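Asker: Take this structure first; my questions come after.
Taken together, the values in this text are just the output of simple stated rules run on the coordinates, not laboratory data. As the structure is a prediction and not an experimental result, all values here were calculated from the model. Heads up, the Cβs are rebuilt from the backbone with ideal geometry, glycines too, and the neighbour counts pull from every protein chain shown.
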Amino acid sequence: MRRMAKCVRDRRRAGWPRRVAWWRAWCLPAVVCCSVWLCSSPSVQAAEPPQFNRDIRPILSNHCFPCHGPDSAARKGGFRLDRRDDALANADSGQPVLVPGNPGASPLLQRVRATEAAEVMPPPEIKKPLSAKQIDLLERWIAAGAPYERHWSLISVQRPAVPAVSQPAWVRNEIDAFVLARLEREGLPASPEAGPETLIRRLALDLTGLPPTPAEVEAFVAEILAAQQTDRATTANSRSQTEAVYRRWVDYFLDSPHYGERMAVDWLDAARFADTNGYQVDRDREMWAWRDWVIQAFNSNQSFAQFTIEQIAGDLLPNATPSQKIATGFHRNHMLNEEGGVIPDEFLAEYCADRVETTAALWLGQTFNCARCHDHKYDAFTQRDFYGMYAFYHNVAEGGIGNYGASIRRNAPPFLKLPAPELEAKLAKLRMDLATAQPQLKDLDAKLQAEQPQWEEQLQKTLAAGAPANTPPTAPVPEDILALLKKPAAERNEADRQKLSAYQQSTHPERKALAERIAGLTKQIDETDLQIPTTLVMEELPQPRVTRVLMRGDYTRPGDEVTANTPASLPPLAADLPRNRLGLARWLVDPANPLPARVTVNRFWQSIFGTGLVRTSEDFGTQGEPPSHPELLDWLADEFVRSGWDVKHVLRLMVTSSTYRQSSRARRDLLERDPDNRLLARGPRFRLQAEFLRDQALAASGLLVKTVGGPSVKPYHPPGLYEQVTAGSTTNTYVAGTGDELHRRSMYTYWKRSVPHPAMLVFDAPFRESCSVRRSRTNTPLQALNLLNDPTYVEAARFLAARMLTEVGPTLDTQLTQGYRLVLARAPQPRELAVLRAAYQRALTEFQADANAATELLQVGIRRTGTELNPARWGAMTVVASTILNLDETVMKE
Amino acid sequence: MSVESLFALSRRQFVSRSAVGLGTAALAHLLGEQLQASGGLPGCPQHIPKAKRVIYLTQAGAPSQLELFDHKPQLKEQFDKDLPDSVRQGQRLTGMTAGQARFPICPSMYNFSQQGQAGLWLSELLPHTSRIADRMCVIRSLHTEAINHDPAMTLLQTGHQIAGRPSLGAWLSYGLGSENDDLPAFVVMISRPSGPTNAQPLHERMWGAGFLSPRYQGVRFSPGKDPVLFLSNPPGITNERRRSMLDDVSSLNRLRLEDDPDPEIQARIDQYEMAFRLQRSVPELTDLSQEPKSVFEAYGPESQKPGTFAANCLLARRLVERGVRFVQLYHRGWDQHANLPSGIKSQCYDTDQPSAALVEDLARRGLLDDTLVIWGGEFGRTVYSQGKLTANDYGRDHHPRCYSIWMAGGGIKPGTMYGETDDFSYNIVKDPVHIHDLNATVLHLLGINHKALTYRYQGRDFRLTDIHGSIVEGILA
C-alpha cells in the first residue's frame, strides 16, 4: 500500500494530470439515429465549442497523425499535432501551424481549406479528405483557443458520481443508473425483464458455459415465483425475497467448478494457449498444467492483480511456489519455431516481441506491434518504449529454436517438472538401486586391480597351455592385449595399464553383469524421468542479455542500447520497484495506471453483453472506438480496483443488474434506432462461442464428462485433414481418444495451431498464434453443416433422444417437451409442439418402413446407451433431437 | 471458415422476405454486412479487370529455379568450385548450411532448351510446360526476405512474415465477392507428392482471413466422401429426410421470428438453406464421371486418382467454370535439401503435365483470357550444394534472393521472360520483382488498386502489400 501511495506521489510530481471527469464533456446529448452513431461524433450545437477528445482528436488522428504525429521518422514539415506544445512551436516553415484563437492566421486551416491538389491537406493521394463538417469543427476549435486534452484512456480513472434517473425503481445497482440515464436522455424505454427460464439459461451459459439442467430450471423458477409472491404480500414495491433468490443462484453458478472453465476460455485466446509449438513443424508441447492453473485461479477468485503478477513474474516472487512458477507459462505460450533452418536470433526477437505485444494488448489495450519497427503513428508510444518493454522479457533462459533434432522429445527449456508421485517413487527406487550398485562396482574394480598380477599370470599360463574351455577367457584374446601381455610390466605406460585393466574387467562375469545392471538402471532412470509431465515456465538468466532497439524491427540491425522500462507516456515505474518482470507486473496493477482496470472490466463486459463498452476491446488508443458509456466504464474500473480486483464481484454486479436481466427481444424501435444494442435497451442476444455450442449439446444429451483439468484430449475429428497438411510421416494422423476423452468439455480439445479442430474454426475461434481478445461471430452454411452432420452432434442427438424417450414416461408430448427443457430450458409453445409432433410422426413412419435406416443412424458415434430402445422410435426421436439442436434459439444466448 | 459467396442468395432472399416489416435502418445495417460478404466492396473492382478469377498453383517447399527456369549454362565449367565471396556478399544463410565448410558450385544436372516461338529457356524436366511456352510469362527475378518455409509461405500468401494477416484469396473475396451463389468464393485443394519425398507441412492460416471476417477464409476441398467438411448427411438420413428436417427447423425458427424480429434468425434460416444447396452443388462439382476420356488423357495418368495434383487441376477448371473466384492448389514436396535430382524429377512428374493441361484446357474453353494462372513457390534454392556434391547427386538449401515463377492468362504478356539473375542465379541483376510487386500486379489484373483495398484493424488501414508494391508493367499484356 505504501508503495502504491508513493507511486501516486511520483506520478503527480511527474506532472501526470488528474483531470476531472473527462467523460462529462463526452456525455452531452447524443442523437442516435443510425447504426453508425458511435463512429461519428455526436452532433455539436453551433454555439458549443468542440471538445478535443470527442470531436478533434479523431480527425487529427485519422487524417493527420501519420505524417504529423508521434512517429518522428515519418514526420513531415517539422511539426506534430498530437501534442499542443509541439503543435504551437515553429514548424519547418518558420512559423507555427496553429495560432490559438485565430483560425484565419493558422496555416493548418488554410491548408485543409485549400483547393489545389499541391496545397490541400491531407494530400489527395492518401485518400483521406476532410469533410466540410470536420473543417468547420477544426475552425471552431482553433477559434476557441485550440485546447488539447489527454487521450481519454490515458487519463487516470476517477469514480464518477452515479447519475440520477427518473425511474429509480429500475435501478438495481450503479450499472443500471448509468445505462438508464443514457436511455432517458435518448428517450428510449428499457425492455421488460426476461422470464425466469430465459434468465437461468442466460446465467448458466454466461457463468459456466453450460446449459442449466431441467432440475435447476425447475427449482429456480419455483423459487423465483414463490419469492415474488412473498414480496407482493409484503409491500407493493418490495422485491427483496426475489432478489435474494436471484443472487443465491448467481452465487451458485459463480461457485461452480465450471465457472473457472468458462472464464478460462477467453483467457486462453488472449494468452495464445495451444498444445503445439506452431510454425511449420508444429510439434506437440506440454502446457496443460498452465491451463489448469488458469481455471483454478478463476475458481478460487484469485484477485486479478495477483493473477497478473503470478503470470508475468511468479518465478520472481520471494519463495515462489510451484504453482506460481507454473503461472509464468503465460509468456511461454507464444509459438516456437523448430524449422530446420531457423536462425536463433531471429526467433528469439520474435518471442520477445510477442510478449510485449501480448502484454500491451491484454493489460493496456494498446497496439504496441505498431511500435516495433517505428514510433507509433497514432498513439503516444515510441519505438524506444517498445524495446524498453522488450528488455523485461529479453532475459529468459531460452534458445531461439526448439528441440529440433533432439533424440528425446521434451518441452523446450526452461520447463518445470510437475508432481508425479508414482513416477517419482519409481525414480527414487531406481536411483537407490543405482546408488547401491555403483559402490559395488567400485569395490569390485578395486579388488580386480589388486588381483591383476595374479590374473595376468593366470592368463599367461592359460595362453601357454592353449586355452582350456573351462577357464576364462572364452573368447580369443585380442591382438593388442596379447602384445601388451608380452610387454614387461615396467615398460607399460598409463594407457597400457588402463587398457589391460579394462580388458580384465570386461572378461570378469560378475563385473560384466554389474556393469550391465548399472547401464540398465541409468537408462530406466532417463526414461522414467521423461515420463514426468512438464510445463513451460519463465526463468531469468543470471546475467541479463543486452537489449538494443532493432531498427525497423530487424534483428540484424541493432541500434541504441536500452534498459527495461515502462512506456514514457504512462505513469512511471515506481523507483522502489525492481526493473525486472516483477516490477513490470506490479506496475501493471498499480491503480495509478489508467489502463489495466478499464481494459479488463471492458473484456468482462464483452463476455457477458457481447460487445464491450469500448467495442474495440483490443484498442483503447486514438484509433480505437470511444466507450459507449464512458462514466459506466470508469465506475466499473474504479469499483474493480477498490474491490481488490475481485473478478466475481464485478461479474456479479453485471449479471444482477436490471440491464442484464432485460428481455433480449429485438424490439422494432430498437432495430431502427440501435441495431447493435449499444445503448443496452434490451438484453444481450448472440451466438454461443464454438466451445460452448458443443458443450451445450454434450450436456443436454447427458454425454458430457465433467472432469475439470488434465492433459488435452482428442475427440472426434473428420478424417484426412491432418494427412493433407502436416509433414510426411504417418505419425501425423489424428488419432481420436477413447472413452471419456471423446466427451470432455471443448476447452480440453487438443489445439494444434496449424490445424485447429475444424469445428472450432468454423465457429470463429482464432488460430491461437497471437493474442486475441475478440472473436468474430459469423453465421454461415458451414456452421449449419457442422451442427447437422458432425458425428459429435448426431451422437448427441441420439443420446438426447434416448433421454427424451426414457426420462419422462410414455406420453409423446411430454417427451418432446423434455427435449426442449434439456436444451432450451423451457417448454415448447403449442404451435412449436405441433411441429415437433408432426416431425416425430413423419420420421417414425419412415423408419418403420425402413428399419435399416434407423439402425444406421443409431450407429453414429462410439458411445452406446445402456437401454434397449425400439430403433424406429429412437431414430425418429433422434431426428427431432437433431432438429432442436439446430434451432437458432439453441445456438444463441438469449 | 466461411463461404463468403454463399451470402449472395441470402441477401436476396432476405430482401424479398424482409417485407415482414423490419425497420429500414435494421435492414440497412444487416445489408451493410452482407453486401460486403456477397457482392464485394462498393466500387470494387476499381477499374476494368483483365482477370476475373485466379488459379494459384502453389508449389510448397520451394522448387529449384536452377533446374527448372533459370538457365545457367556457364555453371557447368565451375562444377565443385567454391562460390566466390563476391557473389555471396556475406548474406545470411539458414541454420542448415551456415556452418558448412565449403559452398561448392553445383550446376543443374538437367538440360535446357528454347521453347515456343518466343524461345523461352525451359528445362527438360518440363516437357509439357514447354508446350505452353508461348502462353507463359516466366519471372526469373522474384525475391523475398524470408529464409525459412513458414515465414516465407506466410509472406507469399499474406504479404507479411508474421502470422495474422489475410491471405490473397481472402482479400479478393472481401474486395470482389463471388460470382457463384452455391459455392465458396475461395477454394483450397492440397496434394501430396507421389514420390517418396517428405511432404511439406502447411498451415490453415496460409489461406486464412487474418483480421478480416472468418467468412473470407479459404474453404478446403478434400478428396473422399466429404469434399467439404460435414457435407454428407449421416447414414440413415436421405436427402428427402434432410429436406423435411430442414423444413421443420425452418418452421420453428420462423415461429421464433414472429416473436423476436432479430435479423440474425432470418440469416440463420437462410444459411441452412444454403447448406442444403451446398450438399447438392459440391457433389455435382466433384463428380468427374462425365468428363470425357480425352480430358483425363490431357491431364495425365494421375488425374483419375482423387486428391492428386492432376485431379485437383481438373477440379480447378470445373470450379472456375462455375465462377469460383480464387482457386488455390498446394502441391507439397519441393524441399530438396538432398537428393535433388531424383526428387525434383518426381515432383515434375506430378505437376508438369496437369499444369500445362490446365492452361490449355482453359484456353480451349475460352476461360484463359480472364483467368490468371500462377505457378510457383515461396523462395528459390542455392547454387551451392548442401551436403555432398557428386556428379549425379546433390541438394540445395533455401535461397530467398532470387527465384522463378510463371504466370499465364488474364492480362499476362505471353511468351515472356522477365528479369535476370547473375551467372550464379544468386543475385538479381535486372528487373527485380518482390512478392509485394507480384501481389500488387495480381490485384491490378483483377481490377484493384493495391493501395486502395484496405481494412481498418487496430486503428490502422492494412493492405495486402503493406506499404510496398509496384505493378510490374513489363509482364502485362
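Asker: If the limit is 23 Å between Cα atoms, which of A:Lys442/A:Lys499; A:Lys417/A:Lys523; A:Lys714/A:Lys893 go over it?
Answerer: A:Lys714/A:Lys893
Asker: Right, something else. Work out, in µm²/s and without decimals, the Stokes-Einstein translational diffusion coefficient of segment A:755-848 at 37 °C, 0.692 mPa s, Rh from Kirkwood over C-alpha pairs.
Answerer: The calculation lands on 207 µm²/s.
Asker: Under a plain spin-label model, where a point goes 7 Å from the Cα along Cα-to-Cβ, how far apart in nm are B:Lys388 and B:Glu145?
Answerer: 3.9 nm
Asker: Still on this structure, please answer the following. Work out the FRET efficiency for A:Arg642 and A:Asp255 from their Cβ-Cβ distance, taking R0 = 22 Å, and round it to the nearest 0.05.
Answerer: 0.45
Asker: In addition: Scan segment A:485-578 for trypsin sites (Lys or Arg not before Pro) in coil per DSSP, keeping those whose Cβ has at most 15 other Cβ atoms within 10 Å, and list them by number.
Answerer: On the way: sites: A:Lys486, A:Arg492, A:Arg497, A:Lys499, A:Arg511, A:Lys512, A:Arg517, A:Lys523, A:Arg545, A:Arg548, A:Arg552; in loops: A:Arg492, A:Arg545.
Qualifying residues, ordered by number: A:Arg492, A:Arg545.
Asker: Also, quick follow-up: At A:Arg777 and B:Thr238, where each label point lies 7 Å from the Cα along Cα→Cβ, what is the point-to-point distance in nanometres?
Answerer: Between A:Arg777 and B:Thr238, the simple spin-label model gives 4.0 nm.
Asker: Under Stokes-Einstein, with the Kirkwood radius over Cα pairs standing in for Rh, what whole-number D in µm²/s applies to segment A:52-148 at 20 °C and 1.002 mPa s?
Answerer: Rounded, D is 161 µm²/s.
Asker: So what is the 222 nm mean residue ellipticity for chain B from helices alone, if each DSSP H run of at least 4 adds -39500 (n - 2.57) and you divide by all residues, rounding to the nearest 500 deg cm²/dmol?
Answerer: Helices in chain B give a 222 nm mean residue ellipticity of -10500 deg cm²/dmol.
Asker: Expressed in nm to one decimal, what extension gain is obtained for the pair A:Ala502 and A:Glu243 from 0.36 nm per residue of sequence separation less their Cα-Cα distance?
Answerer: Stretched fully, the A:Ala502-A:Glu243 segment lengthens by 84.7 nm.
Asker: Taking the mean number of other Cβ atoms within 10 Å as a proxy for protection, how do you rank A:130-137, A:840-847 from highest to lowest? All intermediate terms of the calculation are to be shown ahead of the outcome.
Answerer: On the way: A:130-137: 15.1, A:840-847: 19.9.
The most tightly packed comes first, giving A:840-847, A:130-137.
Asker: Under 8 Å for C-alpha pairs, at least 6 residues apart: give me the relative contact order for chain B, rounded to a whole percent.
Answerer: Relative contact order for chain B comes out at 29 percent.
Asker: Still on this structure, please answer the following. Where does the charge balance sit around A:Arg111 when Lys and Arg score +1, Asp and Glu -1, over other residues with C-beta under 13 Å from its C-beta?
Answerer: -1
Asker: I would also like to ask the following. With the contact rule set at Cα under 8 Å and sequence spacing of 6 or more, what percent relative contact order holds for chain A?
Answerer: On the way: 1377 pairs, mean separation 149.6, N = 894.
This gives 17 percent for chain A.
Asker: Considering the options A:Thr213, A:Gln524, A:Ala194, tell which one lies farthest towards the positive end of the dipole of chain A, charges being +1 on Lys and Arg and -1 on Asp and Glu at the Cβ, about the Cα centre.
Answerer: Going by the charge dipole, the pick is A:Ala194.
Asker: For each of A:Cys67, A:Cys771, A:Cys373, count neighbouring Cβ atoms within 10 Å of the residue's Cβ, then give the residues from fewest to most.
Answerer: A:Cys373, A:Cys67, A:Cys771
Asker: Something else about it: Which cross-chain or sequence-distant (5 or more) residues have an amide H under 5 Å from the amide H of A:Thr726, H modelled 1.01 Å from N in plane?
Answerer: Residues meeting the amide H criterion: B:Leu202.
Asker: Still on this structure: Under the rule of -39500 (n - 2.57) per DSSP H run of 4 or more residues, summed and divided by the residues of chain A, what mean residue ellipticity at 222 nm is obtained, to the nearest 500 deg cm²/dmol? Kindly include the intermediate steps, with their values, before the conclusion.
Answerer: Values: 38 runs with 433 residues, N = 894.
Value at 222 nm, helices only, nearest 500: -15000 deg cm²/dmol.
Asker: On to the next question. Counting partner chain Cβ atoms within 10 Å of every residue's Cβ in B:214-225, what's the average? Let's see the in-between values first.
Answerer: Details: counts 12, 6, 1, 6, 0, 2, 6, 0, 6, 2, 3, 3.
That works out to 4 on average.
Asker: How much FRET efficiency would the formula 1/(1 + (r/R0)^6) give for A:Thr811 and A:Gln167, where r is the Cβ-Cβ distance and R0 is 30 Å, rounded to 0.05?
Answerer: Rounded to the nearest 0.05, the efficiency is 0.10.
Asker: Same structure, new question: Suppose R0 equals 41 Å. What FRET efficiency, 1/(1 + (r/R0)^6) with r the Cβ-Cβ distance, do A:Glu193 and A:Ala74 give to the nearest 0.05?
Answerer: Calculated value: 0.15.
Asker: Step through the residues of segment B:360-373 one at a time and calculate ³J(HN,Hα) from phi using the Karplus curve (6.51 cos²θ - 1.76 cosθ + 1.60, θ = phi - 60°), rounding each to whole Hz and writing x for Gly and Pro.
Answerer: Along segment B:360-373, the couplings run 5, 4, 4, 4, 4, 8, x, 9, 5, 4, 10, 10, 8, 10 Hz.
Asker: Considering every residue in A:143-152, what mean count of other chain Cβ atoms within 10 Å of its Cβ is obtained?
Answerer: Rounded to a whole number, the mean comes out at 0.
Asker: If each residue's Cβ is checked for other Cβ atoms within 10 Å, how do A:Asp269, A:Asp375, A:Asp619 rank with the fewest at the top? Intermediate values should be presented prior to the final figure.
Answerer: Values: A:Asp269 18, A:Asp375 21, A:Asp619 25.
Ascending number of Cβ neighbours within 10 Å: A:Asp269, A:Asp375, A:Asp619.
Asker: Got a sec to turn the phi values of segment B:332-338 into Karplus ³J(HN,Hα) couplings, 6.51 cos²θ - 1.76 cosθ + 1.60 with θ = phi - 60°, whole Hz, x for Gly and Pro?
Answerer: 9, x, 9, 8, 8, 6, 9
Asker: To make sure I understand, if each residue's beta carbon is the centre and we count other beta carbons within 10 Å, what order do A:His376, B:His160 fall in, fewest to most?
Answerer: Details: A:His376 30, B:His160 19.
Sorted ascending by nearby Cβ count, the order is B:His160, A:His376.
Asker: Could you give the size of the charge dipole of the protein assembly as shown about its Cα centre, using +1 on the Cβ of each K and R and -1 on the Cβ of each D and E, expressed in debye and rounded to the nearest 20?
Answerer: For this selection, approximately 1980 debye.
Asker: Expressed as an acute angle from 0 to 90° and rounded to the nearest 10, what is the orientation of the C-alpha long axis of helix B:309-321 relative to the principal long axis of chain B?
Answerer: 50 degrees
Asker: Once both labels are modelled 7 Å past Cα along the beta-carbon direction, what's the B:Arg254-A:Leu441 spacing in nm?
Answerer: In this crude spin-label approximation the distance works out to 8.3 nm.
Asker: Of A:Leu254, A:Pro509, A:Pro58, which is farthest along the charge dipole of chain A in the positive direction, counting Lys and Arg as +1 and Asp and Glu as -1 at C-beta?
Answerer: A:Pro58
Asker: Take the cross-link list B:Lys50/B:Lys345; B:Lys81/B:Lys345; B:Lys52/B:Lys413 and give me the ones stretching past 27 Å between alpha-carbons.
Answerer: Details: B:Lys50/B:Lys345 34 Å; B:Lys81/B:Lys345 25 Å; B:Lys52/B:Lys413 16 Å.
Those over the limit are B:Lys50/B:Lys345.
Asker: Between segment B:121-190 and segment A:646-701, what is the C-alpha centre distance in whole Å?
Answerer: Computed from Cα coordinates, the inter-centre distance equals 42 Å.
Asker: Right, here's the next one. Suppose every K and R has +1 on its Cβ and every D and E has -1 on its Cβ; what is the size of the dipole of segment A:788-893 about the Cα centre, in Debye to the nearest 20? Kindly include the intermediate steps, with their values, before the conclusion.
Answerer: Numbers: 11 positive and 11 negative charges, 55 e Å.
Computed about the Cα centre, the dipole is about 260 debye.
Asker: Still on this structure, I have one more. What shape does segment B:164-302 take by its C-alpha gyration tensor, where a ≥ b ≥ c are the square roots of the eigenvalues and a/c under 1.5 counts as rounded, a/b above b/c as prolate, and the rest as oblate?
Answerer: oblate
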